[in-house]
Amino acid sequence: MRFLLAGVLTLAPASGTLPAQDTAATRVVMLGSGNPNPDPERSGPAVAIVVNGTAYLVDAGAGVMRRAEQARRNGVAALEARRTRIVFLTHLHSDHTIGLPDVIHTGWVAGRETPLLLFGPPGTVALARHLTEAYGADIENRRTGLQPHTENGWQVDAHEVGAGVIYRDSNVTVTAFEVPHANWAHALGYRFDTRDRSIVISGDTRASDAVVRACNGCDVLVHEVYSMKGFLTRSTEWQRYHANAHTSSTELAALATRARPRLLLLYHQLIWAGASEADLLHEIAAGYSGAVISSKDLGIY
């Protein structure tokens, strides 16, 4: 495990023989559009940027590897379990990390040969170390028992990163930027630049100029959001929290107008009782005239 606050990790991308659909244009695959509230229709936050047969995961919410396998069966071969090798964490809230052991160990059992590359804010190295310790009995059993296994696929090569370019290979350049999310000292968004698209993922954040600067006319802005209609039904305590931690539909409309993405893609939608997805989209459309999609799990954009 390594600590990286400055500089860029440069690697060769994963290789392999790919079907035609995996060599096409860069795609955003929504593996989990949900939030901390359990919803069988929406897995926990997880987004895959798929380019040239390689998948780059942002966050690892509940159900991430099941959704990845569904996407593989739908034709996205890059999301085969053994080929999941790079994850970027936006922050360390449980709904964004609870699927990380699944990524680590399901990928290993499926045949991943190299350590999982993990990037995230300060605390990521400790998270990876503690998860390895927590699954120590499982690791020991598989390594010393009869089960066939690869030697290094259970390991995690963890890096703690700050703002700036933090990863580059022949497919993608990844730039991290700081965002404000409640009382987290460090939370990150990410910009992915590939040969044909620029994609910005906000992570959890209240409305932030950092997202506007990172996008600046990007092809896709993947942004969290909550419905103002639903917000008004919440208790005072929850309203105080959400206003400090997340971005309202009206705030996002103003932000997107300044950021100018070709597509605004909503995820981590907080709608709550008394409101609907249609209400959420109407609230955004009242202040933003660009293209907007409220994402669904397994959607490809």
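The values are calculated or read from the model by the stated rules, or taken from the named source; none is laboratory data. None of the values given here were measured: they were computed from a predicted structure. Virtual Cβ from ideal backbone geometry, glycine too; neighbours counted across all protein chains shown. Accessible surface is based on the protein model in full, side chains and every heavy atom, while ligands, DNA and RNA are left aside. Shrake-Rupley method; radii C 1.70, N 1.55, O 1.52, S 1.80 Å.
Structure above, values below:
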read-out	value
Check on V200, open to solvent by less than 10 Å² (accessible area, probe 1.4 Å) and in contact with a helix residue (DSSP H, G or I) (Cβ under 7 Å, 6 or more places away or on another chain)	yes
Any pair with Cβ under 9 angstrom, 6 or more apart, that starts in the range 206-234 at a residue that is open to solvent by less than 10 Å² (accessible area, probe 1.4 Å) and ends at one that is among the acidic types (D, E) and in a loop (DSSP other than H, G, I, E, B)	E224/D204
Within the range 56-75, considering residues that are touching a Ser or Thr at 6+ places or on another chain (Cβ under 7 Å) and under 17 Å from L265 (Cβ atoms), the one surrounded by the most Cβ atoms within 10 Å (Cβ to Cβ)	D59
Scan of the range 250-301 for residues that are under 26 Å from H186 (Cβ atoms) and either of a type in the set (F, W, Y) or over 17 Å from the mean Cα position of the chain (by Cα) (or both), ordered by number	E251, L252, A254, L255, A256, R258, A259, P261, Y267
Given (1) open to solvent by less than 50 Å² (accessible area, probe 1.4 Å); (2) in contact (Cβ under 8 Å) with a residue 40 or more places away in the chain; (3) of a type outside the set (G, A, S), index of the condition T84 fails	(2)
Hits in the range 259-290 (condition: assigned to a loop (DSSP other than H, G, I, E, B) and open to solvent by 50 Å² or more (accessible area, probe 1.4 Å))	R260, R262, A273, G274, A286, S289
Among (1) over 30 Å from E237 (Cβ atoms); (2) open to solvent by less than 50 Å² (accessible area, probe 1.4 Å); (3) more than 15 Å from the chain's Cα centre (by Cα) - the single one Q155 does not satisfy	(2)
Criterion violated by H130 - all others in (1) open to solvent by less than 30 Å² (accessible area, probe 1.4 Å); (2) free of Cβ contacts under 8 Å to residues at least 12 places away in the same chain satisfied	(1)
